[in-house]
Each structure stands twice: as C-alpha cells, then as structure tokens.
Amino acid sequence: MNIVLLYLLLLKGTITAFAGLASLPVIQDAFVFQHHVLTDKQLNEAVVITRSTPGPVGLYIVSVGYFVAGAPGTIAGWLAMITPAFLIIPLVAFAGRRMEHPRIKNVLETVVIASAGLLLAAAIPLSRDALTDPVTIGIAVVSLALLLLTEIDTLWIILAASVISLSASSIGLLTHV
Amino acid sequence: MPELLRTHPDRCHNLPALPYVAEGLAGKNLRRLSDRRAASFALTRLTPGTNVLAFCTGVGWLLRRLPGAVVALLAASIPCAIMVTMLTALFSSWQDNQLAQSAIHGAIAAAVAITVKTCWTIAKPHFKGHARLRVVLVGAAAFLLYVIAAIPAIEVLLLAAAIGALLPATPRE
C-alpha cells in the first residue's frame, strides 16, 4: 500500500477519535473491510502489543502501520498518531474559551459517546476471530470481569491469558492453533 | 527539556497519568503554569487523537512555544513507538512459532475484553445524571447504524456530530 495513502487512512482514524481505541472502528473499516491489507487477528495483536508496552493506547496505530507496510508503515503510523496532537496549539492559543461553549461541548460529547457504541460494534468481528473455543471464551469473560471490577493492570491480565492459553494448548485443549 | 524524557517511562495509558506528566514537564514552573495548565487539561479532552500526546504538546507550547511543543511531542511519542515497533516485529516473526502462537491466542482473547471494557471507559464520564439516557440512546444508535445499517464508522461519527449540534445542552448535575 502507498505510504501516503496509508498515512491518510490512519489519520482519518486518529483525527475522528477522542480517545485511544476509539479510532479502531474507522481503522477496521478502512484496512480490514475496504482495502483488505490487515486482518482482524493483526488488529487484535496490535491492541495486545500496545497494552503490553508503556505509552498511550493510541499507539496501536503504529503497530497497524507496521503490519500493513513494515518499517515505512511504522513511520506513517507514528505521524498519523502525533499529527492531531498539534491541534491543541490553536485550541490553547485562540479557542480555549469558545471550546467551553455548551453547543460545541454537546457536539464533542455526542461524538465521543457514538465512538463508544462503534467500538463495541468493532469488537464483534474481533471476537469472532479471537474467541474460537471454550478456553478463549473463558479467558475473555474472566478478563472483562477483572477489568471492570478490579484495578489490575492490563499487562498482568494479558500475561495471565497467555500463560493459560499456552497451558491449555500443551494439554491439547486448544486444537486450532 | 530533559524532564520530558524522564517523565515518559511512566505507564501513561490513561488520563490519570496527566498530572505526573505535567509535573515532569513543568518542574519548577508548575505554579506559573497552573491556570493555563488547567485549561490545557480540559482542552486535551476536546483534541482528537491521543489525549496524553495532546496534553504534552499543550504544556510544551505553554512553556516554550513551538519548539517546546515539538520537543514534548517527540519525547512523549518516540520511545514508546520504538518499543511498540520492536514488539510488533517480534509478533510478526513468531507467525510460524507454534508455542508463541498458543500464547498470543490467549492474549488476543484478553484484547477483546480490553476493547469491550474501553467502550465503558469512554462512555463512563458522560454516564451521569440526566445524561444517562442520552448516552444509552446515542451509543445504541451508533452501534445499530454500524452493525445493522452497515453505515461506515466515519459517517456515523459525522451524523453524531450533527445530532449533537441539534440536541439541547446536557443539564449538569
């Protein structure tokens, strides 16, 4: 894939999202469904990688860039990730008070809430790819419960899930890998 | 601004990390920044993309204008991007490794849970008082438009922006 196109598609995702993973549905639309240069498994792996390293969740864009186009894709992903951050300069410098206007806040709030609904929708194809047997379904359910009810760091949950999956595989409970 | 690099290695997956980032960035100038830093906190939520990066850029701008913003953004994004790239390269090279794939399969199942939990993380700050019904309706409408009506995500977001402009302001608790 052309690097400029890759950057623009990734930027379309980052510029329309107001939180790390909120861009995932747009990225999934563009790369998995339209251009077919990324799989749901790779998108899931990008989330795993980002949650296993220090830094913001939005870094999964860098991982997506790498999966699509190797090292040049990484640079495109990094640029797409940092470009929207510059928008805060005009916001701080000129628009600070205007951004507190109720109608503008209303627009942003509605977009953020819609992005939560979209992210839930994007999780459906991701789960179809990832949850293929009772062990992985169990891992996902327990992980979700732990994430919602406890303060355990996601890194530990990912590590525990890997160990359980590895153990299940070694005793023949995971047959599809 | 070596403080920028010193601050970065903290795990900063979420917005609660921002005060630590601010302290690292501003150091002794923190008091001088206080008012505008508070504004920067709020504006971070209104800036598209990754909030932590926008915040670092905003504080860098307040401290040293454009050079400060550029240095803050580079220092906050490059080290973690390198780590992500290295791990992604490892994942790619493990495609034929049976053992690694078994472990990755479990991690990916956990990633689905992380994605679902993130939906709640995004919606939670708005899920209070009279706004609860709005959160449920807008979230469900976006979900259904994407899944049932197969409307592309970007168009759903644009539609949400248009509806947000028409809706009355959310009453504050």
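Results for (1) buried (at least 24 other Cβ atoms within 10 Å of the Cβ); (2) out of contact with any helix residue (DSSP H, G or I) (no Cβ under 6 Å at 6 or more places or on another chain); (3) over 18 Å from A:Tyr7 (Cα atoms); (4) not assigned by TED's automatic domain parsing to the domain that holds A:Pro125, shown as yes or no for each residue.
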residue: A:Thr50; (1), (2), (3), (4): yes, no, yes, no
residue: A:Gly55; (1), (2), (3), (4): yes, no, yes, no
residue: A:Ser63; (1), (2), (3), (4): yes, no, no, no
residue: A:Ala69; (1), (2), (3), (4): no, no, no, no
residue: A:Gly73; (1), (2), (3), (4): yes, no, no, no
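Every condition in (1) assigned to a helix (DSSP H, G or I); (2) at pLDDT below 85; (3) more than 7 Å from chain A (Cβ to nearest Cβ) holds for B:Ala111 except the one numbered (3).
Within region A:55-76, residues that are under 17 Å from B:Leu73 (Cβ atoms) reach partners that are of a type in the set (Ser, Thr, Tyr) and not in a helix (DSSP H, G or I) with beta carbons closer than 6 Å, at six or more positions or on different chains, in the pairs A:Pro56/B:Thr50; A:Gly58/B:Thr50.
Yes or no: region A:7-17 includes at least one residue that is more than 7 Å from chain B (Cβ to nearest Cβ), of a type in the set (Val, Ile, Thr), more than 19 Å from B:Ala107 (Cβ to Cβ) and in a helix (DSSP H, G or I). No, region A:7-17 contains no residue that is more than 7 Å from chain B (Cβ to nearest Cβ), of a type in the set (Val, Ile, Thr), more than 19 Å from B:Ala107 (Cβ to Cβ) and in a helix (DSSP H, G or I). Restricting the search to helices (runs of 4 or more DSSP H) fully inside region A:24-105 and requiring at least 1 residues that are within 9 Å of chain B (Cβ to nearest Cβ) and within 21 Å of B:Gln101 (Cβ to Cβ) gives A:40-51, A:60-82.
If you check A:Pro90, A:Pro125, A:Pro102 for being in the same structural domain as A:Leu11 (by TED's automatic domain parsing), more than 25 Å from B:Val156 (Cβ to Cβ) and surrounded by fewer than 24 Cβ atoms within 10 Å (Cβ to Cβ), only one passes: A:Pro90.
Any chance region A:141-160 includes a residue that's closer than 18 Å to B:Gln98 by Cβ, part of a helix (DSSP H, G or I) and either at pLDDT 85 or above or in contact with a helix residue (DSSP H, G or I) (Cβ under 6 Å, 6 or more places away or on another chain) (or both)? Taking every residue of region A:141-160 in turn, none turns out to be closer than 18 Å to B:Gln98 by Cβ, part of a helix (DSSP H, G or I) and either at pLDDT 85 or above or in contact with a helix residue (DSSP H, G or I) (Cβ under 6 Å, 6 or more places away or on another chain) (or both). Would you mind stating whether A:Thr39 is crowded, with 24+ Cβ neighbours inside 10 Å, at pLDDT 90 or above and touching a helix residue (DSSP H, G or I) at 6+ places or on another chain (Cβ under 9 Å)? No, not satisfied.
The values are calculated or read from the model by the stated rules, or taken from the named source; none is laboratory data. Nothing here was measured: the structure is a model prediction, and the numbers come from that model. No Cβ is skipped: glycine too gets one built from the backbone with ideal geometry, and neighbour counts run over all protein chains shown.
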